[in-house]
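To start, the structure itself, in structure tokens.
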Amino acid sequence: MKGILTICRKELADHFSSTRFILLFYLILMVSLVTAFIVGSGLRDELKDVAKPTFVFLMLFTSPGKLFSLIQFIAIFGPLLGIVLGFDSINRERSARTLSKLISQPIYRDAVINGKFLAGLITIVIMLVSIVLMISGLGLLLIGVVPGPEEILRLLVYLVISIFYIGFWLGISILFSVGFRSVATSALAAIACWIFFSFFVAMGASVIADAISPVDQTRAAANPELLIQNEQTRKILSLFSPMSLYSESTTIILDPLRKTTQSILLMGPMERLSISRFQSPLPLIQSIYIVFPHLISLIAITMVFFAITYAVFMRQEVRST
């Protein structure tokens, strides 16, 4: 444990003194504050002289501004933070010929990889907590509503989901750093994965869904089940993207009025009657229950990729480097 903490302190010092980290942090912070300011100003104008709706404070994070909401911004650009923190964590040591010297010290080899991953996670936690606190403070000034206990709990759950989501990309980037000796190659491989999983999986899911369950507009008007089958196929395939898992889970957690992750629902008269009777917001535990598979999947893929990284690093020869 002592070796892990030693490596962790050294990595934290490197991260917080790194120019690229500081630039990325201020870029994410600036965009987040601008997005929150636009959303907060819009909410203040719309809710002027009217009763504030329930959970209005959470709208700072879920309402789209001019371009996107804060959830969408973190979903798209949050992975870049994990990639920047990990893409050169091991091969940089190899290039500088410091990895073998590090291993020759009274530090176990697994302390190196564990300490680097732990330092990355701590950095992510500090950044996300700072951004959420600043947005919350800005929201208090703009809309003048103090968040209730359940809103604070929902923000805490949102933070945990975001940490695992960015931690997944941190694990992938460290894996490429272990697998590739060139820093440029590992960076390109991590960015290629980000582009593929964040953009092409969603587009590919629609194409494959149209091929497996084609929707004929004439037949769909008479048989809505065709639309449902197409949407279910597209949704199942899109869940192979971590961004889809993150977006759906955080949207449900921060929007208590949403009761399902489905975008299309086929309801009969009894279902519509039941929905009309239960228009009140969901309790937090029910929201977590809806997205529980998403949360387990995010945690699982984060742990699996770190386990692969750990196994690959432990089996590598480092004495000659």
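The values are calculated or read from the model by the stated rules, or taken from the named source; none is laboratory data. None of these values were measured; they are calculated from a predicted model. Please note: Cβ atoms are built from the backbone with ideal geometry, for glycine as well, and neighbour counts cover all protein chains shown. Note: accessible area is taken over every heavy atom of the protein model, side chains too, but ligands, DNA and RNA are not part of it. Shrake-Rupley method; radii C 1.70, N 1.55, O 1.52, S 1.80 Å.
Tabulated data for the structure shown
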{"read-out": "Members of the range 278-319 found to be under 13 Å from L170 (Cα atoms) and free of Cβ contacts under 8 Å to residues at least 40 places away in the same chain, listed by number", "value": "M303, V304, A307"}
{"read-out": "V207 vs. criteria touching a residue at least 60 places away in the same chain (Cβ under 8 Å) and either in a helix (DSSP H, G or I) or in contact with an Asp or Glu (Cβ under 8 Å, 6 or more places away or on another chain) (or both)", "value": "no"}
{"read-out": "Which listed residue is crowded, with 18+ Cβ neighbours inside 10 Å, out of contact with any Gly (no Cβ under 6 Å at 6 or more places or on another chain) and at pLDDT below 85, from P224, P242, P256, P214", "value": "P256"}
{"read-out": "Residue within the range 20-32 that is open to solvent by 10 Å² or more (accessible area, probe 1.4 Å), within 23 Å of the chain's Cα centre (by Cα) and charged (D, E, K, R) present", "value": "yes"}
{"read-out": "Unmet criterion (only one of (1) without any contact (Cβ under 8 Å) to a residue 60 or more places away in the chain; (2) open to solvent by less than 10 Å² (accessible area, probe 1.4 Å); (3) more than 30 Å from F196 (Cβ to Cβ)) for G42", "value": "(2)"}
{"read-out": "One residue from L128, L102, L118 being surrounded by 15 or more Cβ atoms within 10 Å (Cβ to Cβ), of a type outside the set (G, A, S) and more than 27 Å from the chain's Cα centre (by Cα)", "value": "L102"}
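Here's the yes/no breakdown for (1) within 29 Å of S247 (Cβ to Cβ); (2) modelled with pLDDT of 80 or more; (3) of a type outside the set (A, V, I, L, M):
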{"position": "D14", "(1), (2), (3)": "no, yes, yes"}
{"position": "L24", "(1), (2), (3)": "yes, yes, no"}
{"position": "R44", "(1), (2), (3)": "yes, no, yes"}
{"position": "M59", "(1), (2), (3)": "yes, yes, no"}
{"position": "R92", "(1), (2), (3)": "no, yes, yes"}
{"position": "K101", "(1), (2), (3)": "no, no, yes"}
{"position": "D110", "(1), (2), (3)": "no, yes, yes"}
{"position": "I113", "(1), (2), (3)": "no, yes, no"}
